Structures are given as structure tokens and as C-alpha cells.
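Down below is the structure, laid out as C-alpha cells.
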Amino acid sequence: MVNLASPAYRADQSWLRLNDALPSLEHPVAVVGIFMPGLIGRSFAGQRHPRARPSPSGGVEIVPPEPPTLLQQSGMYRLWRHLYWSDAEVDEALQSLAAVLRDMAALANARGAACICLVTGRTPQWMLRELFEGPALDYVVVEVLEKELLAEGHPGPAGSVRVADALEARLRTRIANQ
């Protein structure tokens, strides 16, 4: 097991780490990605890091960040950007996220590994259709109860067991059918 996650990572950063680490694994069995609606907002977070977007060739390309203008460096502007995104920006973030999820699955499949996305955070049905069902990506929805969350929002012990049980069941099914 290799954990490629890191606190406050965006999906494209996890994809980059997977892209780097997967070739070094002798026989990967599964890749588990994580999705929650809050990850869409992280696509805009600060724009200090290169960002992934769908490439014209069908894969994913990395776009270097532009240096912030004087206005963009101000606290008021950053607060406003944290609170407001245009519909076009949200659509762009969803397209970027969808491309990254598809490419994560392609990377796993190319190595003979199952790819399953853990979906949580009260994800709306339209997002499930757009991000997972439309492109035929495997996913499992796990809703962690409020009482199973830690104060900072991550699953506590009972929530972690709930997540692990759901993933184990899906992995057993996927691996048995390979």
C-alpha cells in the first residue's frame, strides 16, 4: 500500500503523484481516489501551483500559474475569490476534475489495477452522473454520519471503519471480476 495523499491536495496533485509513483510499483492491485464536492473549490485555491486541464489530445495537460497581479495579492481580493466563482469557472473546474479522474483510471487500468473513487461529502446526483457514470468510472458512495466526523471534518474511528468497509466490499468485487 502506498498513500499518495497529502493534506489540502487537489485532485490534480494526487494525479501527478500517482503518475510519478505508479511506474515504480511492481504489481499494483488497486488505486483508490477520493472525491468530495469541496475538491472543486480547491481547484481555485490560490492558483499558486500548476493546474491540470483537459488537453486537446484527450489527456490532461499542466498549465503553469500566472504570477498574481497587485490586486490579486490583496487580502480583500483573495477573500472575494474564496467566496465567488463564476459559472464558467465552476464548469472549467469540473471539466478539469473529470479529465483528471478519467486519466487516473486510465493509468490504473494500463497497469492492470482496479481504480475506484471514494465519493463522499453529500455529492449531488448530477455530479455523480457527470463525473463518474457518464465516463463509466467505478465509484462507491460513502456518507459518513455527522457523529462519526472529527471536529475538523475528517472521519473519526467509526467513520473510517464505515469507509473501509465500503471500499473493501467494492475492491473484493472488482478484483474478483478481473
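FYI, it's all coordinate maths here, none of it is from the lab. Keep in mind that what you see is a predicted model, and the values were worked out from it rather than measured. Reconstructed Cβ throughout: ideal geometry from the backbone, glycine too, with neighbour counts over all protein chains shown.
Descriptive notes on the structure:
- Evaluated with a Cβ-only charge set (Lys, Arg +1; Asp, Glu -1), the chain carries a dipole of roughly 180 debye about its Cα centre, given to the nearest 20.
- The ranking of Ile34, Ile40, Ile175 by Cβ neighbour count inside 10 Å, starting from the fewest, reads Ile175, Ile34, Ile40.
- Here Cα Rg over 2.2 N^0.38 Å was computed from the coordinates, and among [x] 1.09; [y] 1.24; [z] 0.96 the match is [x].
- Cα centroid separation, region 104-152 to region 53-78: 25 Å.
- Förster radius 45 Å - calculated FRET efficiency between Asp138 and Thr69 (Cβ-Cβ, nearest 0.05): 0.60
- On Cα atoms only, tilt of 87-110 relative to the major axis of the chain in degrees: 30 degrees
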